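Okay, structure first, notes after.
The values are calculated or read from the model by the stated rules, or taken from the named source; none is laboratory data. In this text, all values refer to a predicted model and were calculated from it rather than measured experimentally. FYI the Cβ positions are ideal-geometry reconstructions off the backbone, even for glycines, and counts take in every protein chain you see.
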Amino acid sequence: MAWFADVDRLQIVNALRWLSATLKVLFVTVGSIAAVVFASLIISIVQFQLRLSEARTQNGNITLESIALIADYQDYISERYKSLRRNSETLEQRRIDYQNKFSSTAQLITNLCTTLNREKTQACSERLRTLLSDSNNQVDAVIAEYKPEGASPSASVVTLANELKQIISSGTVQTAQSDFLSTQLSVRSQCTILTRFVSDQFSNTSLLGVSPELRMTISVQCREGDGSIGEPTPIQLQSVQNLTTGRGSGGIDIRGEDVEGTNVSGVNRILLSELVFYYRFYNWLTSFLGANVRQFILSPPEFIVILLVIATGTLGSFLYNSYVMFVAKSQDEFPTFFAILLRATLAVMCALVIYILSRTGFVAITDGVQRTNETVISPFVIAFISVTAGLLAERALESIRAIGLNTLKSTRRDDEPEQRSPQPSGN
């Protein structure tokens, strides 16, 4: 019985050891992933602020609000263009429907007039086409006018005339043409708006918000995409004639009109595009994490850099613990939870002190980029030094102690009063 009790106790101990090791690995893994994600986010925020600062040196009007306006402008143009494409496809379908109905009706009228009076086929056809938007009661009057004198309409003429009356009464041709013209008018209205908003006369936000390829696509779409049907208009209305004559937009001024906007002239287009990409990403992130993230992005640069130091210092400590666990020969060599936490605390403090020393000039980690007479420290350099401080916390601590001792020694020598040499006596 005692032997069985010892075996059970050993199994429990082994199970607890395995559970402890698993939890340690899980803790280090999750902590490492969180540190990587947080550090990556902070680096991107620092990069965004640096690019925004660079854009402001090129044009003082650049702000986060102006970047938001450019992004909204791109969305507006994109939605407008998508709507234009959908309406253009609908327009093509309605053009085909109108052509088919008009062609079949025109063929019916031609057959009717040919059967009625071959010598007056053309005059009869033109007269009947004018009745497509009129009453079908006048069809009989036209037949009586163009039939041969003394002859009665044949059975085939009566059949064709009744079919024409039904088409006029149902208004199929008129409805098809009305749908086509209304869609064509909508497409042209959208083209007028789009060609004005992407005008080459713009020298500010609008041009920077729309790529040259999209402007060319809109130009071609609006000049070639909503042309006339290439057939005679059956409903002889002056307004209809004005709408259906010519190809494309009927002379829409592709140059557009200049408008007032946020002047961002002089700013590199690629730089503005990157800023818009950053803004879209943070806007998407805000929708998940809440509006407070926006204020976090707009935090002072030094505060963001300190967060970067903390995140990457923690990342260095988890990198160290991951390596220790990886090379450990047994679970007994894994660091304890307290050691993991203390190592992370020590790493953060060392990384922060190293950063402070770099700002005071004791450690040179600048990237040499000068803007407005101020030395800018690269976020990647800061991240590397902080990760190194976290990974080599012992060596970092020794370096900090050495720098501190040297500083205190030099300060003490400066504070000591000068010792005067004794004056020789007169004797």
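Some points to look at:
- Some residue of segment 257-270 being modelled with pLDDT of 80 or more and in a helix (DSSP H, G or I): no
- Summed over segment 367-403, the residues that are outside any helix (DSSP H, G or I) and modelled with pLDDT under 85 give a count of 12.
Listed here are the residues, each with its yes/no results for (1) hydroxyl-bearing (Ser, Thr, Tyr); (2) at pLDDT 85 or above.
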residue: GLY150; (1), (2): no, no
residue: PRO153; (1), (2): no, no
residue: SER156; (1), (2): yes, yes
residue: ASN162; (1), (2): no, yes
residue: GLN166; (1), (2): no, yes
residue: THR175; (1), (2): yes, yes
residue: LEU181; (1), (2): no, yes
residue: GLN184; (1), (2): no, yes
residue: SER189; (1), (2): yes, yes
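- Comparison of ILE42, ILE12 shows that the only residue that is more than 30 Å from GLN190 (Cβ to Cβ) and modelled with pLDDT of 85 or more is ILE42.
- Residues that are within 23 Å of VAL309 (Cα to Cα), at pLDDT 80 or above and in a helix (DSSP H, G or I) are absent from segment 406-423 altogether.
- Residue-level check: of (1) over 30 Å from LYS147 (Cβ atoms); (2) surrounded by fewer than 20 Cβ atoms within 10 Å (Cβ to Cβ), ILE45 misses just (2).
Yes/no per residue for (1) part of a helix (DSSP H, G or I); (2) in the same structural domain as ARG196 (by TED's automatic domain parsing); (3) more than 22 Å from the chain's Cα centre (by Cα):
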position	(1), (2), (3)
SER53	yes, no, no
ARG80	yes, yes, no
SER83	yes, yes, no
GLN93	yes, yes, yes
ILE96	yes, yes, yes
PHE102	yes, yes, yes
ASN111	yes, yes, yes
GLU119	yes, yes, yes
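- Test for ALA34: is it within 30 Å of PHE337 (Cβ to Cβ), of a type in the set (Gly, Ala, Ser) and in contact (Cβ under 8 Å) with a residue 60 or more places away in the chain: no
- In the set (1) in contact with a helix residue (DSSP H, G or I) (Cβ under 9 Å, 6 or more places away or on another chain); (2) of a type outside the set (Gly, Ala, Ser); (3) farther than 30 Å from ASP140 by Cα; (4) free of Cβ contacts under 8 Å to residues at least 40 places away in the same chain, the condition left unmet by ASN117 is number (3).
- Within segment 29-42, if we keep just the residues that are of a type in the set (Gly, Ala, Ser) and crowded, with 20+ Cβ neighbours inside 10 Å, the residue that is farthest from THR345 (Cα to Cα) turns out to be ALA39.
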